[in-house]
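Comments concern the structure below.
Nothing in this text is a laboratory measurement; each read-out follows from the coordinates by a stated rule. Everything numeric in this text was worked out from a predicted model, so none of it was measured. Every residue, glycine among them, receives a Cβ derived from its backbone with ideal geometry; neighbour counts consider all protein chains shown.
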Amino acid sequence: MTPSTAPSPTRPTTPREVADAYVEAATELDPTLGTALGTRPREDRLPDTSPAGLEAEARLARATLAELDRVLAADPALEDDPVERRCARLLRERLEAELAAHEAGEGFRSLNNLFTPIHSMRQVFSMMPTSSEEDWSVLARRMARVPEAYRGYRETLAEGARRGLLVAPRQVRTVVAQLDEWLAGPYFAGFVAPGPDALRGELDAAARAADAAVAEIRDYLRDEYADLAAGTPDAVGRERYAVAARRWTGSDLGAGRGLEEAYAWGWSEHRRILAEQRVEAEKVQPGATPMEAMRWLATSGPAVEGVEAIRERLQQMMDDAIAELDGTHFDLADPVKQVEAMIAPPGSAAAPYYTRPAQDFSRPGRTWLPTLGRTRFPLWDLVSIWYHEGVPGHHLQLAQWALVSGELSTYQTSVGSVGANVEGWALYAERLMDELGYFRDPGERLGFLDAQQLRSVRVVIDIGMHLELPIPDDAEGALAEHRGRPWTPDLARAFLGEHSGAEVAFLDSELVRYLGMPGQAISYKLGERAWRQGREAAQRARGAEFDLKAWHMAALSQGSLGLDDLEAELAQL
């Protein structure tokens with residue numbers, strides 16, 4: 001067929017088609033996206049992490065928004081279809097939020113302890129198949145490209161520095177320490193060690209180059225970038241915070257008094273949960289404060305010895321939850337029932353996390369526990385978080401999204417994820433398990449309340465630090481003498497220490513995370529509020545006919561939505 005007779009590509013006619021065309025184009029720009037989705041198992045490329053790569057992403061977003069406008073203008077009736085309406089609103093909100101961040105230059109200062117090109121260039125290899133020699137050959141070719149990706153990222157940071165777009169020294173020090181830990185392995189050499197002998201030379205050469213690239217970016221951050229970043233404040237201010245919060249929540253909290261309202265609500269939740277913690281602490285140890293009870297649980301409460309033993313315990317916990325919740329509060333398809341508990345690699349951030357399954361379930365959903373060098377694991381604070389990370393939390397939602405992606409769009413069920421929707425559901429899941437009576441042991445319920453308290457404290461100190469808001473007049477403890485004064489990182493860390501039973505290393509990592517990813521920390525609690533209020537509205541509307549199991553499945557099958565739309569859509573289910 002000659003070029004003159006070749007058929008022209010069919011232009012999208014619905015928002016879902018526009019969204020999926022965007023995913024296909026975005027996957028070309030960022031090949032690791034195809035790996036995460038499981039759509040390109042033989043992909044060996046890495047994304048362009050240079051300034052040119054950032055601009056290419058922005059051009060795609062602008063072109064996609066123009067195409068969405070064209071489609072909706074051509075057929076206004078599409079707005080009457082609930083699936084198309086939700087997809088259109090999600091796509092527009094997400095791309096506009098990304099463009100706002102791009103125009104603010106955020107991609108030129110993307111340096112923190114969790115979500116950066118440094119981390120994604122490592123994590124992609126844990127998502128690649130390794131069951132055959134061909135799999136390892138693809139992996140080796142991709143690993144050989146790590147140095148180029150890190151050079152592009154360094155170019156982006158350098159351009160950011162030239163423009164005066166820098167991060168605070170605290171973020172630089174933290175990432176340098178993470179890279180030191182990776183190099184102690186070294187990470188990439190250890191990763192390829194199980195590979196086939198037939199590819200030993202190719203794998204080892206790629207790993208050496210990748211580990212050398214880690215050392216180079218570490219040295220650049222430590223020896224050059226750190227000096228440039230000196231004096232950059234931790235707090236980002238209202239304007240940058242509003243842009244960042246929108247990316248994480250799907251809501252323009254910067255308009256009006258939205259951020260102040262969220263701050264005040266977070267403080268009221270802190271006080272409410274604290275009262276409940278005091279009651280539960282009495283059950284653990286009569287006369288003990290919540291912190292005293294939690295310290296006792298950490299040292300003397302039930303615990304599991306051994307890294308593999310705790311992995312097995314967490315796996316069993318998820319398997320049991322699936323067996324007990326399926327058919328009663330959820331209707332789970334067989335692919336959704338597959339989830340794996342994993343131990344996080346060294347150099348990870350301190351918080352547990354979840355990685356979603358491939359869209360075709362060729363890779364299962366996985367929960368990850370950072371051990372931080374520990375071999376003893378108290379259970380009081382792990383039970384609730386595994387309901388959050390695994391079942392019925394992140395895994396049930398994101399695996400269900402993969403299951404229904406063909407009925408919605410790949411965008412709605414993966415790339416278009418809104419942090420507040422996803423984290424809000426996981427926090428709702430913890431509360432659901434409390435409603436269902438799963439925290440039978442007072443220690444485990446105190447752990448649940450501790451997790452709830454942490455999410456409330458996050459709202460307060462994240463907004464408080466970045467906007468430098470005044471500490472409330474009814475503050476107690478270490479904050480009492482600072483009432484009315486603006487929040488600082490040191491005061492926030494002291495407040496965290498007074499109201500969280502977590503270990504010091506975890507709390508230190510959390511503070512760095514809040515300062516390095518403005519707005520992310522508030523997404524949990526604000527998202528949970530939307531989920532709970534949406535359910536309550538649906539219950540009021542349906543009365544005696546309300547079916548919680550049916551509502552759960554409908555809610556989990558509608559795909560991603562931002563907070564500006566989530567509660568209203570949930571109320572209609």
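Here segment 425-471 is described by how far its Cα atoms reach on the three principal axes: 40, 22, 10 Å, from widest to narrowest.
Ordered from longest to shortest, the equivalent ellipsoid semi-axes for segment 369-455 are 28, 15, 11 Å, each the square root of 5 times a Cα gyration tensor eigenvalue. Each of His102, Val339, Ala281 was scored by the projection of its Cα onto the charge dipole of the chain, and the greatest displacement toward the positive side belongs to His102; charges sit on the C-beta of Lys, Arg, Asp and Glu. Packing order of peptides 326-336, 557-567, 115-125, highest average first: 557-567, 115-125, 326-336 (average count of other Cβ atoms within 10 Å over each peptide's residues). Of the residues Pro518, Ala502, Val71, the one whose Cα sits farthest towards the positive end of the charge dipole of the chain is Pro518 (charges of +1 on Lys and Arg Cβ, -1 on Asp and Glu Cβ, taken about the Cα centre). For the pair segment 23-65 and segment 112-180, the centres of their Cα atoms are 15 angstrom apart. Here is the P(r) of segment 15-234: all C-alpha pair distances, binned every 10 Å from 0, give 8, 28, 30, 22, 10, 2 in whole percents. Listed by chain and number, the lysines placed with their C-alpha closer than 25 angstrom to that of Lys525 are Lys549; residues fewer than eight positions away on the same chain are left out. About the centre of its Cα atoms, segment 398-532 shows a dipole size close to 340 debye [charges on the beta carbon of Lys, Arg (+1) and Asp, Glu (-1) only; nearest 20 debye].
Think of each Lys and Arg Cβ as +1 and each Asp and Glu Cβ as -1; about the Cα centre, that makes the dipole of segment 124-262 roughly 500 debye. Taking only the alpha carbons of segment 248-523, we obtain Rg and Dmax values of 19.0, 57 Å in that order. The alpha-carbon atoms of segment 1-141 define a convex hull whose volume equals 170 cubic angstrom per residue. Placing unit charges on the Cβ atoms only, positive for Lys and Arg and negative for Asp and Glu, gives segment 248-523 a dipole magnitude near 380 debye about its Cα centre.
Between the residues Gly53, Thr116, Val172, the greatest Cα displacement towards the positive end of the dipole of segment 15-234, with unit charges on the Cβ of Lys, Arg, Asp and Glu, is found for Val172.
Please work out whether segment 411-536 counts as rounded, prolate or oblate from its C-alpha gyration tensor, where a ≥ b ≥ c are the square roots of the eigenvalues and a/c under 1.5 means rounded, while otherwise a/b larger than b/c means prolate and anything else oblate? Oblate shape, in that a/c is at least 1.5 and b/c is the bigger or equal ratio. Based on the alpha-carbon gyration tensor of segment 341-492 and its eigenvalue square roots a ≥ b ≥ c, which shape applies: rounded if a/c is under 1.5, prolate if not and a/b is larger than b/c, or oblate? In terms of gyration-tensor shape, prolate.
For the chain, treating each Cα as an identical point scatterer without solvent, what Debye log10 I(q)/I(0) comes out at q = 0.06, 0.08, 0.13 1/Å? Once normalised to I(0) and log-transformed, intensities are -0.30, -0.55, -1.62. As a rough guide to protection, the peptides 535-546, 204-215 ranked by mean Cβ packing within 10 Å, highest first, stand as 204-215, 535-546.
Across segment 151-159, computed HN-Hα scalar couplings (Karplus, 6.51 cos²θ - 1.76 cosθ + 1.60, θ = phi - 60°) run 5, x, 5, 4, 4, 5, 4, 5, 5 Hz from first to last residue, x flagging Gly and Pro. Peptides 481-490, 41-50, ordered by how many other C-beta atoms sit within 10 Å of their residues on average, highest first, read 41-50, 481-490. In the chain, the DSSP-assigned H stretches of four residues or longer account for a calculated mean residue ellipticity at 222 nm of -19500 deg cm²/dmol, using -39500 (n - 2.57) per stretch and the full residue count as denominator.
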